[in-house]
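Have a look at the structure below before the remarks.
The values are calculated or read from the model by the stated rules, or taken from the named source; none is laboratory data. Nothing here was measured: the structure is a model prediction, and the numbers come from that model. Cβ: placed from backbone, ideal geometry, glycine included. Neighbour counts: every protein chain shown.
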Amino acid sequence: MRLDAVLAKLLPDYSRSRLTAWIKEGAVTVNEKPAQPKDKMIGGEYIAVTVRPSEENLAFTPEPMDLDIVYEDGSVIVLNKPAGLVVHPAAGNWTGTLLNGLLAHCPGLAQIPRAGIVHRLDKDTSGLMVVAKTLPAQNHLVRQLQARTVKRIYRAVANGIVPFDGKIDTLIGRDPHNRLKMAVVKFGGKPAVTHVKVLERYLAHSYIECSLETGRTHQIRVHMREANHPLAGDPVYGNLRHACSDTAKEAVKSLARQALHAYRLSFEHPATGETVSFEAPIPQDMYRLLSVLRLEAGLDSSLSHEAEWQEKLGNDDDGWNDDDYDVEVVYVRD
């Protein structure tokens with residue numbers, strides 16, 4: 001029998017393709033000599049196999065890292081994810097992800113699918129996420145997400161002057177011209193609803209707040225691009241030639257990511273049934289961008305606390321007024 005077929009019988013926990021790769025890599029010897037997958041075994045040989053962990057296995061290796069834990073109890077972890085941190089392992093990012101850090105922080109998450117992660121943020125989006133620490137909590141949170149009762153509010157800087165508050169209601173699916181991107185599509189996509197509220201307008205940018213009813217991949221980034229107001233600094237959906245001052249261009253370039261932050265998160269606590277709400281202040285990189293834009297527009301660049309924003313804007317305690325959404329779709333086509 002061929003060596004690769006023999007190993008497939010002796011080591012059924014590993015795929016034949018993986019075993020063949022190990023043989024070719026020299027991780028398998030027969031009678032202490034290198035071998036090839038097609039070599040014939042007649043019985044009595046001494047086969048030594050050096051098991052090599054796959055990238056997928058490494059993906060679930062605990063890795064200590066500094067996590068900004070906003071809240072934690074026996075059921076959930078709420079954390080403030082920094083920009084630049086990948087949430088879940090995938091091709092090209094098998095280690096150094098939030099999942100690896102969570103497994104080091106709470107080893108019990110190894111028993112929970114996806115280490116308790118129930119929703120994601122893009123790598124270069126900062127802000128709040130909730131992680132389940134038990135299976136019942138995970139199921140409860142997933143049901144809330146499906147029922148659209150988890151409230152997620154984001155702060156962002158958009159290109160141009162967003163003219164009014166409104167609701168963007170479209171279908172989002174894979175971009176038919178680039179499968180690595182998402183896009184607003186006419187058919188075959190999933191419903192996506194984003195409420196947009198203008199907080200401040202500058203010379204060539206707007207500070208906005210976005211509330212999600214749905215959680216589609218890249219939803220805010222795609223919707224704001226469709227509205228002709230892509231997020232500042234967005235490397236995928238943005239406009240690198242956006243007309244603005246050199247000062248503003250340099251500030252956006254220094255940000256080195258899309259100006260998007262998951263600012264507020266509210267959900268029903270899986271154990272107590274109470275509605276809990278958390279906030280994560282605007283991170284320093286976005287705050288620096290806002291300071292430049294405000295100063296350039298002749299506004300007070302030192303305004304730093306979210307409470308001051310709310311007082312200035314005259315909003316209610318959650319930053320939203322139900323009467324704001326009298327416009328069905330905020331974007332227009334040329």
Notebook entry, point to check: Hey, N80 hits all of (1) under 27 Å from P136 (Cα atoms); (2) of a type outside the set (A, V, I, L, M, F, W, C); (3) in a helix (DSSP H, G or I) but one; which does it fall short on?
Noted result: (3)
Check: Inside the range 242-334, counting only helices (runs of 4 or more DSSP H) that do not spill past its ends, which hold 2 or more residues that are at pLDDT 95 or above and surrounded by 19 or more Cβ atoms within 10 Å (Cβ to Cβ)?
Finding: 246-255, 284-296
Margin query: Restricting to the range 144-188, name every residue that is of a type in the set (G, A, S) and in a loop (DSSP other than H, G, I, E, B).
Written below: A147, G160, G188
Check: Any residue at all in the range 122-136 that is among the charged types (D, E, K, R), within 24 Å of V276 (Cα to Cα), out of contact with any Lys or Arg (no Cβ under 6 Å at 6 or more places or on another chain) and outside any loop (DSSP other than H, G, I, E, B)?
Finding: no
Note to self: I'd like the full set of residues that are crowded, with 18+ Cβ neighbours inside 10 Å and either in a strand (DSSP E or B) or not hydrophobic (A, V, I, L, M, F, W, C) (or both), limited to the range 89-104.
What the structure shows: P89, T97, N100, G101
Next item on the list: Evaluate the following for V86: is it more than 27 Å from T217 (Cα to Cα), aliphatic (A, V, I, L, M), buried (at least 18 other Cβ atoms within 10 Å of the Cβ) and touching a residue at least 24 places away in the same chain (Cβ under 8 Å)?
Entry: no
Margin query: Consider the range 141-200. How many of its residues are of a type in the set (A, V, I, L, M, F, W, C), in contact with a Phe, Trp or Tyr (Cβ under 9 Å, 6 or more places away or on another chain) and surrounded by fewer than 15 Cβ atoms within 10 Å (Cβ to Cβ)?
Written below: 1
